[in-house]
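A.B. asks: Below is a structure I'd like to ask you about.
The values are calculated or read from the model by the stated rules, or taken from the named source; none is laboratory data. Note that the coordinates shown come from a computational prediction; the quantities given were computed from them, not determined experimentally. Here the Cβ positions follow ideal geometry from the backbone for every residue, glycine too, while neighbour counts run over all protein chains shown.
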Amino acid sequence: MKQLITLTVNGVTHEVAIEPRQSLLQVLREELHLTGTKEGCSEGECGACTVILDGRTVDSCLIFGLEAHGREVVTIEGVAQGEQLHPLQKAFAEYGGVQCGFCTPGMILAAKALLDSNPHPTEAEIRRGISGNLCRCTGYVKIVEAINAAAQSAVG
């Protein structure tokens, strides 16, 4: 039997009826049609489904949608300000941190959460901050450079 929940996603409050066993990932993709969050492993290992829940990164495949009731979620769709890309999005494009793009939404959200809590991370802190997000294409060097550049642009 479906249950009604209210959650705020990217600053917009939604009331949605969901199945009790639906993951937050399924709620975002299937009910709210926010398909930027990707389903990778469905086991919390790859980070493709990373979103920010009440200021902290979570693997949305491991969180029940019911757990998001009354909470705030940020997905990749909520990172840009209208047509203005977030500095992380700009840096990922400029530094070649995007190849196939599958991991990119989760990687950017992990990086955003890191920079929100630590605006001036070291390379080691950047690597630790994205350690839950797997990328099969880039080798991480360009991703780390992009995150560092975004952090530097916020300073300058």
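A.B. asks: Please go through region 125-156 and pick out each residue that is charged (D, E, K, R) and in contact with a Phe, Trp or Tyr (Cβ under 6 Å, 6 or more places away or on another chain). Quick ask: steps written out before the conclusion?
C.D. replies: First, the residues of region 125-156 that are charged (D, E, K, R): 125, 127-128, 136, 142, 145.
Matches in region 125-156: 142, 145.
A.B. asks: When residue 66 is evaluated against the numbered criteria (1) outside the structural domain of residue 18 (by TED's automatic domain parsing); (2) within 25 Å of residue 9 (Cα to Cα), which criterion, by number, is the only one it fails?
C.D. replies: In the conditions (1) outside the structural domain of residue 18 (by TED's automatic domain parsing); (2) within 25 Å of residue 9 (Cα to Cα), residue 66 misses (1) alone.
A.B. asks: Quick check, is residue 83 modelled with pLDDT of 95 or more and of a type in the set (Asp, Glu)?
C.D. replies: It is false that residue 83 is modelled with pLDDT of 95 or more and of a type in the set (Asp, Glu).
A.B. asks: Do you know which residues across region 11-41 are part of a loop (DSSP other than H, G, I, E, B), surrounded by 15 or more Cβ atoms within 10 Å (Cβ to Cβ) and within 18 Å of the chain's Cα centre (by Cα)?
C.D. replies: Answer for region 11-41, where residues must be part of a loop (DSSP other than H, G, I, E, B), surrounded by 15 or more Cβ atoms within 10 Å (Cβ to Cβ) and within 18 Å of the chain's Cα centre (by Cα): 32, 34, 36, 37, 38, 39, 40.
A.B. asks: Among 37, 6, 50, which is the only one that is out of contact with any Asp or Glu (no Cβ under 7 Å at 6 or more places or on another chain) and modelled with pLDDT of 95 or more?
C.D. replies: 37
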